[in-house]
Every structure is written in C-alpha cells, then in structure tokens.
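Step one of this worksheet: look at the structure below.
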Amino acid sequence: MSLEIKVGLASCGLAAGARDVYTAIENYLHKEKIAADLKKTACIGMCFAEPIVEISSEKFAPIIYGRITPEEVPELIEKFLTGTPNTAKAIIAKDCEAEENDTYNSQTRIVLRNCGKIDPVSIDDYLKVDGYKALEKSLKNMNRTEIIDEIKESGLRGRGGAGFPTGLKWQFAYNENNKKKYIICNADEGDPGAFMDRSVLEGDPHSIIEGMIIGAYAIGADEGYIYCRAEYPMAIKHLRIAIEAAEEKNLLGENIHGTEFNFELHIKEGAGAFVCGEETALMASIEGERGMPRIRPPFPAQSGLWGKPTNINNVETFANIAWIILNGAASYAKYGTEKSKGTKVFALAGMIRNSGLIEVPMGMPIRDVIYKVGGGMKTERPFKAVQMGGPSGGCIPAKLLDTTIDYDSITKTGAIMGSGGMVVMDTSTCMVDIARFFLNFTQNESCGKCTFCRVGTKRMLEILTKITEGKGEMEDLEKLETLSKNIIKGSLCGLGQTAPNPVLTTLKYFRDEYVAHIVDKKCVAGVCKPLIKYEVIEDKCIGCTACARKCPTKAISGKVKEIHLIDQDACIKCGICFDVCKFDAISKS
Amino acid sequence: MTNIQKEINYVIDKFIGKKGILIPLLQEIQDIERYLSKETMSFVAKRTGIKLAEIYGVATFYSMFRLKPQGEHIIRICKGTACHVSNANSIMDSLRNNLTFANSDEDTTTDGKFTLMEVACLGCCSLAPVIMVDEDTFGKLTSESIAKILKKYD
C-alpha cells in the first residue's frame, strides 16, 4: 500500500522542532525499509500544535497529528500501518475523534486552500490541485474586461486593511492608456501580531503568482514586483523557487500560453520600515529611495511606479483571484455579508488556546472566532479585549464580542479590519500599557514627513509613559484626545491617520484603567513596573533560596529554610522571583 | 585597493546601470562587512555617482541597515504584540543579565560575540515570546530558557 507522510516545515514548525521530527521519520522509514512518500509541506494554520505530521494511505483516511516529538515517530507510523492509529495525538481526522475536528471544520478555506497540503516549492504539486488552470481559463476563454467584471461581481475587497473593492481598482488601472504598466504585490506585512501573509507566501507561493499574472493580463501590465519584507527569509526563498519554476513552464515570461501576453516578475526585499506598507511609500522604496508617502492624487493607477500606471494589491487579495476565476464570482459571493464578501484569514495570537491561522466567512461574530474556532482562552484568566488591526486598529472589549466580522461593523467599534491580526488579551494585560506599546511602535515608524504624526505621536507617547509611571494627571486624558484628533486630521497617510486608534479605543472602553493609573496609582493588571510591588508571603515561603539565587540584582536576602525578604530599593521588578517560586510565595500587588 | 573594496566593487558592477538599485545594493554590501561603515558609504558614492547624503539617508531610514560593527551572532528579540502580551520584556532583561555589555546603551557584548536587536514582529506569534539567533527561531521562551540557548553558541 502507498503510504504518504507530510511534515509541516514552515517557520513556526521549524521553531517548534519539526526538522528533527522530519529526520526521525526519514531514518525510521529507511531503517524499517518502509516505502513511503515523505513530503515537506508548510503551515496548516495550527501553529499551537506544531510540529505537525499527517499520515495517509490508500487504505486509511488521513490523520493529522500534533505536538509530535522525534521519539514518538516509530510508534506513530507502526500503529497507523496496522490500522490501529494512536488517536490520542490526532488533531484532525475524518474517521475518528480528534481534538481539533470541530475547530477545523468550522473554517472555510479559500486563501488557505493549499497551505499545509502541498509541497510549496513543487510546481507539480500546485498543478495537481488545479494550479494555473485559472490562468489558462483567463487567457484562452476570457477577455480582459470579463476578468475585471468577474472580480467586481465577486465583491472581493482589498485584504490589506482598507477594504477598497479590488475589481474597481483593476478597472482604474485598465482604463489608463499607457503601454507600460506595473502590478505590485504588497507582501510587506508589518503589523506586529499578524502573520497571514507569511504563511501563504511560505505555504502556497504559486497561488499568489497566479493571481498576479491574471491581474497583470487584465490591467495590461507586463512587469510586476513582489515587495516582501526581509524578515521572512523562507517566504523569499519559496517565492524565488516558484518564480523560476513558473518561468520554466512558460507561465511567466514571453508569449504565455502561446498568446501575445508577456509578463516578467521580480522580488524586491524590503529593508525594514513599517510605513512601506503604504502604497506610495512602497513604490518609493522599490525605486531605491526613502520610503516616504506622497500626496494622492495622482493615485498609483494613474501615476505609480516610475510614473507609470500601477496596481497594488496585498498577498491575501491575490491568493483569492485564481479561486474566483475558476469557481466563478457567484460561488465566492455566496460567503460573507452584503458588503463584505468571501472569507478572511486571521492570525490568532496572544492569550488564546489555538493560536495560529484560521480562515472564516465574513459575518461570523468575533465571539465564535475566539471561542469556537480559536478554542477559547489559553488560561483560566478571563477575556478582556481583542486587538484588531495592529497599530492602526483598536481594542474591542468583551461587551462587543457579538460584533460580526465585516469591514463596516469592525470600523464602527473604532478598530479596523486591518490585515487580519487578532491578538487576544486577558486580565494580565494592561490597556494603558498596550496603548503605549502601539504608540511607541507608530512613533518609531513615523517617517517624519508630517509634523502632526512626527511630533504629535511623540507627545502622546510621553503622556502615556507618564501615566504608566503613575505620574499622570486627569487633564492628560483630554490632551490625548485633542492630540489624537489633530494627528488624524493633519497626517498624509494611513500610518498617521490611524496611529491614535489604539489610544482612542482604550480610552473609550477602558477609561477606568487610565483613571486607576492616574488617581489611585494602581495598575490592575500588574504590568506597569513603577506601580507594582513584589513581596514574600511569609506563610508560604519555605526558604528554598530559588528566588534569591535567580534575582539579578541580589535584592532578596534570607538563609536556607528561613523566610526571605525583598529589598524594595534594590528590586528592579523583573518578576523572575515570581516566576521561579514553586510555592506561590511571592505576591505581586 | 583592499580586499573588502574589491568585493564591494564586484557587487557594484552587478547593479550599476539598472534602476532602483540603492537598497538591494546596500543590502548586499552590508553582507560583506555586516555593517555599513562611513568609508564604505563614501566609496559607494564615488563609484556609483549617487550622492553620499542620499546613501546615508536611505541607510538611516531602514532598520535593516546597521551603522556600527556587529557581534558574531545577531539576536533578534521580537517585540510584536503577541510577544509583548506574553512578557517579552522579561526575555530582554534576561538576555542582558546573561551577557556582558560595556554599558546599558550598548547592544553588542564586550566580547563581540552577540548583538541584541529589537524587531517589530517575527511572525511566529503562536510561539510567543520569540527570539531569533541568526537564522534560527526559538519560541515559548521563559527567562530560564535563555541561558540554555546562549550556551549553544559558545
């Protein structure tokens, strides 16, 4: 019988030790002389259960196992072969109970259709799952306006954050009468806490390339760029291999599919600047300059890269295209709400049990995303807020958990859909500290062109820092609101216009916490160092000396079997004593 | 001409005459010395005709370019949201406590072995808190596990 084994070797899998598991499988198959097709795939999205191994054969339905160690490999394969699989480690399986069956089945996978299933660097694997069929259909059976109409009808909106209708954007670029046009894929995923694009780039690079070729044909571009951040070395490697393979098969290059259509695709590595996610800044960066946004109009569709008409979409948007062309606009529009069609990929992270990548239809309530698909909270501590949209977004509190996921409903809360980062927070997160964290980020990443963004965010950061140090005053809250309004009005690009969102949403939903920091000098979550104090609980301390040995400033005194004492003047509040004490004898207040 | 200049010349020859070259050019040149020295930037300006001010402007704009010599291994500490809520600050403290620096502003250890660098997000949020030593990612860290990781690079 033919045995097939797949191991997820994306960044998250590798960091969890998947390479050793792969080697263990290779060695075992060799040693036992078992004939099997051992494959490297990428991320299936269940990052919390890495390393992940999938085993299937003609005889038995596939079982996906999670949290596998190299030592467990022999038993896993042996039991599968004898038809008595070890289901305790199964996370997804068809024929038997598995831990994550429900969470997986509640997803709808369009963008992630191939992630974790195919070998991302094998074009043959992609071709086997109807890869490049949509391109063939576009070139042979559709004319350019028909493609654009199909995308318009599907209702697909830009997945980079702003949600501009993709078909309309293509129409604008198509309308321009110019021999030279460019198409760009924005893969500069800079939002901290978001990794949707990384997983698709690593796991299914051909789907993005195919989407770009179709887009290029539709708008009339003959050259394209994928602008990918350099922090994603594996994504860049997979893209390079994929582009070469597509060139060899004449899916890129001259006279594609024997038509007059030529298309050349390049990769540009970003050099680390968040503002380059903004389209005009991104183009300046490709041109080799400092990535600073410029005034629009003219829009990139009229005058973009090197002054030529240019269309920019993000990774997830492109990954939808081939599916829409192949299955039709109506099948896509079946999913979602009236104004937000299709599905959305989210990166679940933070204090959630199933952190990883999920794809759900638009219109699902946030509550279901967190508790059904995400498996609920990671610890006993209760839910406090979910941060959506990264530094441009905001914190959505528990009372708004029934908000549905669509562009307009999310915007109403004060957050934004953004690119899809969802960081779940529990009561151990301080909302003032989170606001300060994002402001610190946007202030660092402000390119400096607009005064309000450059100086305004700095002043806001100073105020927030003051509050987290217990030195805030009540007037500061008004100052924060005034500064926010002015920064939104006085900034040229999305970075500045949205920078105050994290502060505004936390002020709106968690004002009590700001007041507690200012008036009571208290940080309820126990995060803001100047406001917390570590002490030894005398009844619980057995004098094991673990804390004293680990204390970096030697602030803890006490002999073996005697109650210890923390010198408050020497304590730097690093919390190591709290973490290492096995007897819960350190209190944090 | 020094060996380094020869290598730099070779890189420049590859790019010269093409459009939009400055960033990839500096990226490749940085790989040679692992940072961009003042001399190197002047040399690039002379050879390519790009103004030194423009080169310096680009080098200081993007966080990837480093203007000071680097340690043998670069430790990237993820400061993304998921890592932040998973107490990434204590990881930074632990790294600084386990290594020796001339002063608290210095990012490279006195023995030149490691350079610490904070980065916005490494995209491995499910494993938060995360650090990356050169090309290897380490996740689910505690202040305890740092010492073990550092030992691997001894």
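Here region B:125-147 is the region considered, the condition is being over 19 Å from A:GLY193 (Cα atoms) and touching a strand residue (DSSP E or B) at 6+ places or on another chain (Cβ under 6 Å), and the residue that is modelled with the highest pLDDT is B:VAL133. Of the residues A:LEU112, A:LEU156, A:LEU139, the single one that is touching a Pro at 6+ places or on another chain (Cβ under 8 Å), under 30 Å from A:ASN250 (Cα atoms) and either of a type in the set (Asp, Glu) or in contact (Cβ under 8 Å) with a residue 12 or more places away in the chain (or both) is A:LEU156.
Listed here are the helices (runs of 4 or more DSSP H) enclosed by region B:1-102 that have at least 3 residues being of a type outside the set (Lys, Arg) and over 21 Å from B:LEU122 (Cα atoms): B:3-15, B:22-33, B:38-48, B:52-61. Of the helices (runs of 4 or more DSSP H) lying entirely inside region A:1-117, those containing at least 3 residues that are among the aliphatic types (A, V, I, L, M) are A:18-31, A:73-81. Give the residues of region B:1-55 that are of a type in the set (Gly, Ala, Ser) and closer than 16 Å to B:PHE65 by Cβ, sorted by residue number. Matches in region B:1-55: B:SER37, B:SER42, B:ALA45, B:ALA53.
From the list A:GLU210, A:GLU223, A:GLU289, which residue is out of contact with any strand residue (DSSP E or B) (no Cβ under 6 Å at 6 or more places or on another chain) and without any contact (Cβ under 8 Å) to a residue 60 or more places away in the chain? Reasoning before the result, please.
Numbers: A:GLU210 fails: without any contact (Cβ under 8 Å) to a residue 60 or more places away in the chain; A:GLU223 fails: out of contact with any strand residue (DSSP E or B) (no Cβ under 6 Å at 6 or more places or on another chain).
Being out of contact with any strand residue (DSSP E or B) (no Cβ under 6 Å at 6 or more places or on another chain) and without any contact (Cβ under 8 Å) to a residue 60 or more places away in the chain holds for just one of A:GLU210, A:GLU223, A:GLU289, which is A:GLU289.
Taking the condition of being in contact (Cβ under 8 Å) with a residue 24 or more places away in the chain and at the interface with chain A (Cβ under 8 Å from one of its Cβ atoms), how many residues in region B:84-96 meet it? Quick ask: steps written out before the conclusion?
Here is the first cut: in region B:84-96, the residues in contact (Cβ under 8 Å) with a residue 24 or more places away in the chain are B:85-88, B:90-95.
Okay, now just the ones that are also at the interface with chain A (Cβ under 8 Å from one of its Cβ atoms), so B:85-87, B:90, B:93-94.
Within region B:84-96, residues that are in contact (Cβ under 8 Å) with a residue 24 or more places away in the chain and at the interface with chain A (Cβ under 8 Å from one of its Cβ atoms) number 6.
Going residue by residue through region A:505-515, is there one that turns out to be part of a loop (DSSP other than H, G, I, E, B) and in contact with an Asp or Glu (Cβ under 7 Å, 6 or more places away or on another chain)? For region A:505-515, residues part of a loop (DSSP other than H, G, I, E, B) and in contact with an Asp or Glu (Cβ under 7 Å, 6 or more places away or on another chain): absent.
Exactly one residue out of A:ALA284, A:ALA301 is at negative phi, at pLDDT 95 or above and in a loop (DSSP other than H, G, I, E, B): that is A:ALA301. Within region B:52-72, if we keep just the residues that are surrounded by 17 or more Cβ atoms within 10 Å (Cβ to Cβ) and away from every other protein chain (no Cβ under 14 Å), the residue that is farthest from the chain's Cα centre (by Cα) turns out to be B:GLY71. Could you look through region A:216-261, keep only residues that are part of a helix (DSSP H, G or I) and closer than 16 Å to A:ASN313 by Cβ, and pick out the one that is nearest to the other protein chains (Cβ to nearest Cβ)? By that ranking, first place goes to A:LEU239. With (1) surrounded by 15 or more Cβ atoms within 10 Å (Cβ to Cβ); (2) β-branched (Val, Ile, Thr); (3) within 14 Å of chain B (Cβ to nearest Cβ); (4) more than 30 Å from A:GLY393 (Cα to Cα) as the list, and A:ILE532 as the residue in question, which single condition is left unmet? Only one criterion is unmet by A:ILE532, namely (4).
Every residue, every condition in (1) in the same structural domain as B:GLU106 (by TED's automatic domain parsing); (2) touching a residue at least 40 places away in the same chain (Cβ under 8 Å); (3) closer than 23 Å to A:MET292 by Cα, yes or no:
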{"residue": "B:TYR10", "(1), (2), (3)": "no, no, no"}
{"residue": "B:GLY20", "(1), (2), (3)": "no, no, yes"}
{"residue": "B:GLN27", "(1), (2), (3)": "no, no, yes"}
{"residue": "B:GLN30", "(1), (2), (3)": "no, no, yes"}
{"residue": "B:ALA53", "(1), (2), (3)": "no, no, yes"}
{"residue": "B:LYS68", "(1), (2), (3)": "no, yes, no"}
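Within region A:81-98, being crowded, with 18+ Cβ neighbours inside 10 Å and either in the same structural domain as A:GLU247 (by TED's automatic domain parsing) or of a type in the set (Gly, Ala, Ser) (or both) holds for A:ALA90, A:ALA93, A:ALA98. Would you be able to say whether some residue in region A:531-546 is in contact (Cβ under 8 Å) with a residue 60 or more places away in the chain, of a type outside the set (Phe, Trp, Tyr), within 25 Å of B:ASN98 (Cβ to Cβ) and in contact with a Lys or Arg (Cβ under 9 Å, 6 or more places away or on another chain)? Within region A:531-546 (the criterion being in contact (Cβ under 8 Å) with a residue 60 or more places away in the chain, of a type outside the set (Phe, Trp, Tyr), within 25 Å of B:ASN98 (Cβ to Cβ) and in contact with a Lys or Arg (Cβ under 9 Å, 6 or more places away or on another chain)), the answer is no, since none of the residues qualifies. I'm checking my understanding of the structure. Among residues of region A:516-529 that are assigned to a helix (DSSP H, G or I) and surrounded by fewer than 20 Cβ atoms within 10 Å (Cβ to Cβ), which one is nearest to the chain's Cα centre (by Cα)? Within region A:516-529, the match that is nearest to the chain's Cα centre (by Cα) is A:LYS529. Within region A:484-503, the residues that satisfy the criterion of being surrounded by 21 or more Cβ atoms within 10 Å (Cβ to Cβ) and part of a helix (DSSP H, G or I) are A:ILE487, A:LEU495, A:GLY496, A:THR498, A:ASN501, A:PRO502, A:VAL503.
Every condition in (1) facing chain B (nearest Cβ under 10 Å); (2) surrounded by fewer than 24 Cβ atoms within 10 Å (Cβ to Cβ) is met by A:THR379 except one, and the failing one is (1). Would you mind stating whether A:ARG459 is surrounded by fewer than 22 Cβ atoms within 10 Å (Cβ to Cβ), in a helix (DSSP H, G or I) and among the basic types (Lys, Arg)? Answer is yes for this residue.
For region A:130-149, state whether one or more residues are of a type in the set (D, E, K, R) and not in a helix (DSSP H, G or I).
Yes, that holds for at least one residue.
The values are calculated or read from the model by the stated rules, or taken from the named source; none is laboratory data. The shown structure was predicted, so the numbers you read here are calculated from the model rather than taken from an experiment. Neighbour counts are summed over all protein chains in view; Cβ atoms, including those assigned to glycine, are modelled from backbone coordinates with ideal geometry.
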